[in-house]
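As structure tokens, the structure follows; a few thoughts come after it.
Read-outs: derived from the displayed coordinates by stated rules, not from any lab. Worth saying up front: this structure is predicted, and the values here are computed from it rather than measured.
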């Protein structure tokens, strides 16, 4: 009798532990799933990286992860079809087809306003050190959009307004992280130069090299980088007034190594243009190709259907990128992990370069490759965005779906 009780207690303990483990696992899956997903019309509703999860349109009607969903529906994902994990809203939409890039392009941006990159003291006529900008409440990283009601488009314009102020207050409109507010700047006459100073350094433009991810052959809209262009001094996202994308010829690569990020180097091809740049978003730099550029790029570009985030999975992939000249090549890679629930970030997946040619030539991922499209299972799944400094064969990637949402 005593032996039988021990068996019952042991069995109960094991069963309890199993249930705790299962529900704990369900909690993990819940944290990994997004609240809303979009699925291709007439396709299965499933999470590629979690085949053990099934989908049910109604709580009391478990169905395979196949869908008969309407345009929008609430579904429940369950572990092995038994333990509910999370309710997710599913939107049905036909996945778009894009022409992939992998080609480098030069970035020329004029800011919307001027960005404050630093503050400094000015020695006034009495020999006292003071910083007018700091006293006005201006900080590094602020964007000054207006000066005395005039829209600012260049450093020279602001400097001219300050120089001609004769010490009178200048009313500025300042943008700090999207919050716009007025400040009064009272310039100080410099003892050293005899001119009026504001005590700040500003920047009105920025240039660099990135990689085009994909474009729409019908509209000419394109996107690259997969992350925003940020000011090198402040780290702030550069507000775009106007910009231009130009062809680039990659002439040199600084090879990456542990602790030392590599870099693509090239020259802007003068006299030609890909088109305009008009938006700098968290998911990349956006623009529109000129008619000539669209025709030229469309001739050689491969087209792929876009994968929604839940279709991305751990396993083999390819990236399209350029390390010499202007023509992209395909290189073998592997998606190491996928964060299905991540939103508002350009770090949705971890990718590893496995192609020995690319590793031998540049060390893996280098600066300038941001935007290189990632292809998996015959679909466009994302773009390379960052390199791991400690291991240049690895880096982050962004979902193509996220980039497409802002394409317009």
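Computed values, structure above
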| item | result |
| --- | --- |
| Å³ per residue enclosed by the Cα convex hull of the stretch 121-198 | 85 |
| Three-way shape label, the stretch 253-371, alpha-carbon gyration tensor, a/c 1.5 | oblate |
| Max mean-square fluctuation residue, GNM over the chain, Cα-Cα springs under 10 Å, options 113, 325, 395 | 325 |
| Rg/Rg_ref, the chain, where Rg_ref = 2.2 N^0.38 Å and atoms are Cα | 1.25 |
| Considering only the stretch 268-408, percent of DSSP beta bridges that pair antiparallel, nearest 5 | 95 |
| Antiparallel bridge percentage (DSSP; both residues within the chain; nearest 5) | 95 |
| Among 338, 384, 188, residue whose mean-square fluctuation peaks in a GNM of the chain (springs only between Cα atoms under 10 Å) | 188 |
| Stokes-Einstein D in µm²/s, Kirkwood radius over Cα pairs - the stretch 74-227 at 4 °C with 1.567 mPa s viscosity | 66 |
| Cα long-axis angle, helix 291-300 against the chain (0 to 90 degrees, to the nearest 10) | 40 |
| Helix 2-32 axis, angle to the chain major axis (alpha carbon atoms, nearest 10°) | 30 |
| GNM top mover of 83, 206, 398 - the chain, alpha-carbon springs below 10 Å | 83 |
